[in-house]
Amino acid sequence: MKITNKIDEIVLAVTYRCNSRCRMCNIWQIKNHENEFSLEDIKKLPRNLKSINISGGEPFLRKDLVDMIKAIVDHLPKANIIISSNGFASDLILEKTKEIMKIKPNIGIAISLDGIGEGHNDVRNIPGGFERILETIAYLKKAGMNNLRIGFTMGDYNTHELKRVYDVANRLDMEMSLAVTHSSDNFFKADNSLDNKAKMIDELDWLIKQELSSWKIKRWARAYFAHGMKHYLKTGQRLLPDYSGKANFFIDPQGNIFANDVSSELLGNINSTKLEDLMQKNHEFKDSWMICTARPAIKKHKTKVISWMLKNKINNFVK
Ligand code: SF4
């Protein structure tokens, strides 16, 4: 494995409070919300961090989210910040985002959308949830937020929704990022299974073609990510090495540190362990292919990724 000397990104779950009831995740059932990551804890993050994904639970349910973003910007002025939200608390999200945009105008927000209409509501178990999400997106756009994307999490139950969600994302002029349900003792749920991988692979083939037909390099990178997802579904292995525990980490609301969000091996706590020290050690974790573990690898293997993108862009063009 290549040596890495920088931590590229962390996923920071700032709370496990959640107003959704997703079928593929049991975080919403967690009752203990004591000692959540504090503003002071932000100062324990490495200063050269390039990217931080504020996750949850539902991050907007944190009363001090605006102060938290301010503390992150003060401590990590150059870091990209993305908030992952289920999009259900429209008024709250709008109110806080307006404040956050004054502090970090280019902050990104990813809103989960797993199907259209009842398709989404069935996955998230929130009646009327789809309409609320459209409302949230409309509010945020009106408020001037333009770094908005849709996050589609694919499982057996909604593979058929991928094309429809992609179409809605295009119509809303938003990019769609992709995840496939994983099983984890630590995050999501331990008993998610994928029984119809062939159907998923067909849908991913379609998605790869769509992304490659664009003229945006970022979309070609999304095509590569989907290509990596196909490979992972077929073989259970990654296309590129995993730098989890070195270039990327996951931190839960109590400050517990894991190599990534599907790893259940506790590496330490932010109060007593420096992430930089953990980078020097080797950690055991199962293979996964998620954007937070793929992105650092894609950056470290640019030549390989770019040559795949160019070759497949040309193939896609001449077909
Ligand atoms: S997937 Fe996200 S929105 Fe759904 S229950 Fe889990 S934390 Fe909440």
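The values are calculated or read from the model by the stated rules, or taken from the named source; none is laboratory data. Bear in mind that the values here come from a model prediction, so they are computed numbers and not experimental data. A quick note on method: Cβ atoms are made from the backbone with ideal geometry, for glycine too, and the neighbour counts reach across all protein chains shown.
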Worksheet entry | Residues satisfying the stated conditions in the range 23-77, i.e. more than 29 Å from residue 193 (Cα to Cα), among the hydrophobic types (A, V, I, L, M, F, W, C) and either part of a strand (DSSP E or B) or away from the ligand (no atom under 16 Å from the Cβ) (or both) | 39, 42, 45, 49, 66, 68, 69, 71, 72, 73, 76
Fill in: Where a residue in the range 55-83 is under 19 Å from residue 25 (Cβ atoms) and its partner, wherever it lies, is of a type in the set (Val, Ile, Thr) and more than 16 Å from the ligand (Cβ to nearest atom), with Cβ under 7 Å and at least six apart
83/107
Practice prompt. For residue 86, work out the one condition from (1) closer than 19 Å to residue 148 by Cα; (2) away from the ligand (no atom under 11 Å from the Cβ); (3) surrounded by 21 or more Cβ atoms within 10 Å (Cβ to Cβ) it doesn't fulfil.
Written response: (2)
Response to the item:
Note: among 103, 111, 81, just one is more than 20 Å from residue 15 (Cα to Cα) and either buried (at least 21 other Cβ atoms within 10 Å of the Cβ) or at pLDDT 95 or above (or both), namely 103
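Taking the conditions exactly as written (touching a residue at least 60 places away in the same chain (Cβ under 8 Å) and surrounded by fewer than 14 Cβ atoms within 10 Å (Cβ to Cβ)), does residue 125 satisfy them or not?
yes
Just to verify a result, which residue in the range 257-273, among those that are out of contact with any Phe, Trp or Tyr (no Cβ under 9 Å at 6 or more places or on another chain) and free of Cβ contacts under 8 Å to residues at least 40 places away in the same chain, is surrounded by the fewest Cβ atoms within 10 Å (Cβ to Cβ)? Working first, answer last.
Applying the first criterion (out of contact with any Phe, Trp or Tyr (no Cβ under 9 Å at 6 or more places or on another chain)) to the range 257-273 yields 268-269, 271-273.
Then drop every residue that is not free of Cβ contacts under 8 Å to residues at least 40 places away in the same chain, which leaves 268-269, 272-273.
Working: 268: 16, 269: 15, 272: 9, 273: 16.
Checking each candidate, the answer is 272.
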Item to complete: Within the range 145-183, work out how many residues are over 22 Å from residue 224 (Cα atoms) and crowded, with 19+ Cβ neighbours inside 10 Å.
Response: 1
Item to complete: Search the range 16-39 for residues that are closer than 9 Å to residue 253 by Cβ and of a type in the set (D, E, K, R) and pair each with any residue that is outside any helix (DSSP H, G or I) and near the ligand (Cβ under 9 Å from one of its atoms) when their beta-carbon atoms are under 7 Å apart and the residues are at least 6 apart or on different chains.
Response: 17/57; 17/58
